[in-house]
Amino acid sequence: MLQDVTLRVYETAREVADAAADLLLEVADNLSGMDLEGFVALSGGSTPKVMYENLSKRGPVAGKSLSRLHFFFGDERNVGNYDERSNVRLALEGFLHPLKIPLAHIHAPDGAAADLEGEAARLSRMLELHLPRTRTRIPQFDLVFLGVGNDGHTASLFPGTKALDATFPGYVANEVPQLDTRRLTLTYPVLNKAAHVAVLATGESKAPILAQIFGSTERETKYPIEQIDGPKVLWLLDREAASGIPPEKLRELSR
Ligand code: 6PG
């Protein structure tokens with residue numbers, strides 16, 4: 001598949017958050033113009049926090065636009081939604097509740113479910129129920145937000161874990177031995193069918209992994225984030241995170 005990878009580098013993490021919030025609202029407004037519902041998967045970790053605060057500050061106008069969307073999550077940690085480590089809690093508190101997004105549009109994984117496989121199956125059924133399908137019958141998101149870890153993981157697709165090889169288009173419960181935990185995550189078949197993917201990475205801690213991803217091409221082992229190969233992948237980076245990317249690569253991919 002022809003892939004369109006674009007890098008956009010901003011001076012600060014705040015500007016990255018603003019651009020990501022604009023992108024989400026643009027998707028929502030485009031769908032609204034066609035009187036369509038939209039389907040978005042939110043990422044986890046700490047990076048999205050500034051974006052969520054940005055959305056929340058935009059108030060009821062943003063809330064109206066975003067209320068057309070259904071919000072899923074790329075992954076959830078092995079904690080309850082009330083837990084401060086929860087990706088769901090971060091979004092609920094960050095903008096979903098402040099903007100009064102309808103609860104029926106929030107499809108929150110329960111990372112602490114005793115039967116994690118059963119929870120993955122329930123979430124997968126929600127994808128089947130709500131999302132439009134590609135011609136190969138795979139649930140298709142309009143927009144997926146992702147982050148990237150220092151080991152090149154994304155969502156909860158960690159290096160060396162079974163979910164990397166999952167061919168099932170949905171959620172799976174993934175054993176992550178390096179964190180001694182189990183996590184719910186979307187699999188590549190769904191992630192790679194999304195109409196748009198936006199990867200957010202900010203701060204100097206991301207510079208080494210991004211330098212590897214965009215610097216060396218002869219590496220035989222691909223990082224999990226490099227197996228995200230959907231049609232349109234947009235990287236939203238701040239100057240610090242992008243500081244190790246070769247200038248020629250930045251010129252090639254920035255537009
Ligand atoms: C998680 C995320 C994970 C995250 C990256 C980046 O649960 O941690 O789903 O994939 O996006 O680890 O995390 P930061 O934004 O905290 O750097």
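What follows is calculated from the coordinates using simple rules that are stated; it is not laboratory data. Small disclaimer: the values here were computed from a predicted structure and weren't measured. Reconstructed Cβ throughout: ideal geometry from the backbone, glycine too, with neighbour counts over all protein chains shown.
Values for this structure:
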| read-out | value |
| --- | --- |
| Mean separation of Cα contacts under 8 Å (6+ apart) over length of the stretch 1-112, as relative contact order % | 27 percent |
| Per residue convex hull volume, Cα atoms of the stretch 184-255, in Å³ | 111 Å³ |
| Kirkwood Rh in Å, taken over the chain so that all alpha-carbon pairs contribute | 18.2 Å |
| Distance from the stretch 84-137 to the stretch 229-255 (C-alpha centre basis), Å | 29 Å |
| Per principal axis, descending, Cα span of the stretch 91-195 in whole Å | 37, 36, 28 |
| Share antiparallel - DSSP beta bridges, the chain, percent rounded to 5 | 30 percent |
| Helix runs (DSSP H) in the chain reaching 20 Å along axis by Cα, Kyte-Doolittle at least -1.0 | 13-33, 116-130 |
| Estimated [θ] at 222 nm from DSSP helical runs (n ≥ 4, -39500 (n - 2.57)) normalised by residues in the chain, nearest 500 | -9000 deg cm²/dmol |
| Alpha carbon convex hull of the stretch 147-205, volume per residue in cubic angstrom | 78 Å³ |
| Burial ordering of 254, 32, 156, 65, fewest other beta-carbon atoms within 10 Å first | 254, 32, 65, 156 |
| Sequence of 52, 171, 10 once ranked by neighbouring C-beta atoms within 10 Å, starting from the fewest | 10, 52, 171 |
| Cα pair count fraction exceeding 20 Å, expressed as % - the stretch 119-255 | 49 percent |
| Likely footprinting exposure, 130, 105, fewest C-beta neighbours within 10 Å first | 130, 105 |
| Relative contact order %, the stretch 103-255, counting alpha carbon pairs below 8 Å whose residues are six or more apart | 23 percent |
